[in-house]
1. With (1) in a loop (DSSP other than H, G, I, E, B); (2) at pLDDT below 90 as the list, and residue 115 as the residue in question, which single condition is left unmet?
2. Show the residue pairs meeting these rules: Cβ distance below 8 Å; 6+ apart or different chains; first residue within the range 79-108 and at positive phi and surrounded by 13 or more Cβ atoms within 10 Å (Cβ to Cβ); second residue not in a helix (DSSP H, G or I) and not hydroxyl-bearing (Ser, Thr, Tyr).
3. Please state which of the following conditions residue 16 fails to meet, knowing it meets all the rest: (1) within 15 Å of the chain's Cα centre (by Cα); (2) surrounded by 14 or more Cβ atoms within 10 Å (Cβ to Cβ).
4. Starting from the range 2-18, keep only residues that are within 16 Å of residue 96 (Cα to Cα), then list their pairs with residues that are at pLDDT below 85 and surrounded by 11 or more Cβ atoms within 10 Å (Cβ to Cβ) whose Cβ atoms are within a distance under 9 Å, requiring at least 6 positions of separation or different chains.
5. Could you grab me the full set of residues in the range 22-45 that are out of contact with any strand residue (DSSP E or B) (no Cβ under 8 Å at 6 or more places or on another chain) and in contact (Cβ under 8 Å) with a residue 12 or more places away in the chain?
6. Among the candidates 91, 102, 107, which residue alone is over 28 Å from residue 20 (Cβ atoms), of a type outside the set (D, E, K, R) and modelled with pLDDT of 65 or more?
7. Just name the residue that is modelled with the lowest pLDDT out of those in the range 1-56 that are out of contact with any His (no Cβ under 8 Å at 6 or more places or on another chain) and assigned to a helix (DSSP H, G or I).
8. Could you check the range 46-78 and list, in sequence order, the residues that are over 17 Å from residue 27 (Cβ atoms), surrounded by 15 or more Cβ atoms within 10 Å (Cβ to Cβ) and hydrophobic (A, V, I, L, M, F, W, C)?
Amino acid sequence: MVEPTPHLNTEDFIRRREIHFVEFHPDPDQAGSAARFLQGVDGVIATGHPSPRLLLVEYDLLEITLEQIESALGEIGLHIDNRLVYRLKRALHYYTESTLRANLGCAKGESNCTRKVFVERYRKLEHGCRDRRPEHWRRYL
């Protein structure tokens with residue numbers, strides 16, 4: 001008997017995170033600069049900056065991860081707050097996101113794995129395009 005696969009809902013892969021920046025930096029509005037930078041990036045749905053040091057970001061996990069976002073922000077010269085509580089939260093988010101993506105068949109560093117997710121789901125679905133006979137029986141007919 002084939003187990004039914006759970007229904008894939010795109011809302012399950014939308015993440016909303018906070019990114020905190022350091023207080024002392026040449027750019028006094030790092031969150032605003034980061035929000036402007038992330039506009040138009042594939043996978044980033046929305047950004048907001050309620051304060052100069054806090055960035056709110058909403059993104060699609062199948063296209064981009066928090067680690068990739070923070071890495072890009074670091075490359076443009078923004079400094080993310082590295083206090084212990086933020087490092088622990090980041091480590092937990094990085095781990096859970098990479099584990100979820102690995103379970104869905106997304107390789108690390110692969111930017112968009114949506115197609116792989118749906119192909120894998122299709123392969124597991126019960127449909128008429130599958131020969132149920134064992135491999136050694138199929139060769140004889």
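1. Only one criterion is unmet by residue 115, namely (1).
2. Final answer for the pair search is 105/113.
3. Going through the list (1) within 15 Å of the chain's Cα centre (by Cα); (2) surrounded by 14 or more Cβ atoms within 10 Å (Cβ to Cβ), residue 16 breaks only (2).
4. Short answer, once both residue conditions are applied: 13/104; 13/114; 13/117.
5. 23, 25, 27, 28, 33, 37, 41, 42
6. 107
7. Per the criteria, the residue is 10.
8. Within the range 46-78, 56, 57, 61, 62, 64, 66, 69 meet the criteria.
The values are calculated or read from the model by the stated rules, or taken from the named source; none is laboratory data. Only a predicted model underlies this, so the values are computations on that prediction, with no experimental measurement involved. Every residue, glycine among them, receives a Cβ derived from its backbone with ideal geometry; neighbour counts consider all protein chains shown.
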